[in-house]
Structure formats: structure tokens, C-alpha cells
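Below: one structure, written as C-alpha cells.
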Amino acid sequence: MSTHIARSRAMTQDLENIEYFSMSSEDFLMSGDGQIDFLYMDTGDVTPIEPTAQLHLRESKILVEKNLITENGLILIDDVKNIQSKSQDPSDYGKAKYSIPYLQENGFEVIMDEYQVLLRRS
């Protein structure tokens, strides 16, 4: 983890107002007290699907329960329609098979549905 933080610091050395965190995604989201305009979710591994899909759902529940995404805020989920996932998951949503329906049930609409899925809070 420290290698990733060091790389991030090197890549952003000329930028200001950046905070670096090294913790689980759930802990990070639980510690948040503001709102997010754009969230890029690249949670876990593509396979095996189930552990990552469960983590993705837990993260999504935190986002909804803590009202962390602004009105019209965006969530971009990476690696949704991954070729490795297709053989393991008939839903076509791979690691986001639980989170996307959950987010849709809680005020988000899919506005792009490709390899990555983009949702907007409406």
C-alpha cells in the first residue's frame, strides 16, 4: 500500500490540496462527511466475482445511506462488462451485479452502459 501512496505523491507533486489515505474503501467512505460530485469505483478484482460483488454492494450501501453523492453526481464503475466475468456471471454486470441494481433502486439512473457503467443520481 505504501508503494501506491508514494507513486501517487510523485505523480501529483505539483498539485495542491490533495490528501492521501491508506485504508479500506469501506472505512474511507464511512469516514466521509461531505459530498462527492464524481466517484470512480474500481473495486476489487474481476474474478472471482462474488467477493468483489459483495464488497461493491457494501460500498454502494454506504454511499446511499450516508448520502455521499451530490444531486446529479456521477458514479463511474470500471470493469463491469469484462470478458473474464462473462463466463462466471449471467447478469452481464460482473462485479457490479448487486451494486448497479441497488443504486438504481435508490435514485440513480444508468446513463452509459458499456465496459464501464456511468450512473447519475437523479
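The values are calculated or read from the model by the stated rules, or taken from the named source; none is laboratory data. What you see is a predicted model, and the numbers here were worked out from it, not measured in a lab. With ideal geometry, Cβ positions are generated from the backbone for all residues, glycine too; neighbour counts draw on all protein chains shown. All accessible areas refer to the heavy atoms of the entire protein, side chains included, with ligands and DNA or RNA removed. Shrake-Rupley method; radii C 1.70, N 1.55, O 1.52, S 1.80 Å.
Counting only protein heavy atoms and using a 1.4 Å probe, the accessible area of GLU16 comes to about 150 Å². Computed from Cα positions, the angle between helix 2-11 and the longest principal axis of the chain comes to roughly 70 degrees. The sum of -39500 (n - 2.57) across all DSSP H runs of n ≥ 4, divided by the residue count of the chain, sets its helix-only mean residue ellipticity at 222 nm to -10500 deg cm²/dmol. A convex hull fitted to the Cα coordinates of the chain yields 119 cubic angstrom per residue. Database remark: amide H of THR43 closer than 5 angstrom to the amide H of ASP78 (H placed geometrically; neighbours at sequence offset of 5 or more, or on other chains; Pro and chain starts carry no H). Compactness of segment 8-75 is given as radius of gyration and Dmax, 13.7, 39 Å, from Cα positions.
One decimal place: the segment LYS81-TYR40 gains 13.2 nm when fully extended, by the rule 0.36 nm per residue minus the C-alpha distance. Helix 49-65 and the longest principal axis of the C-alpha atoms of the chain enclose an angle of approximately 70°.
Taking R0 as 25 Å, what FRET efficiency do you get between THR12 and GLN116 from their Cβ-Cβ distance, rounded to the nearest 0.05? The calculated FRET efficiency here is 0.65.
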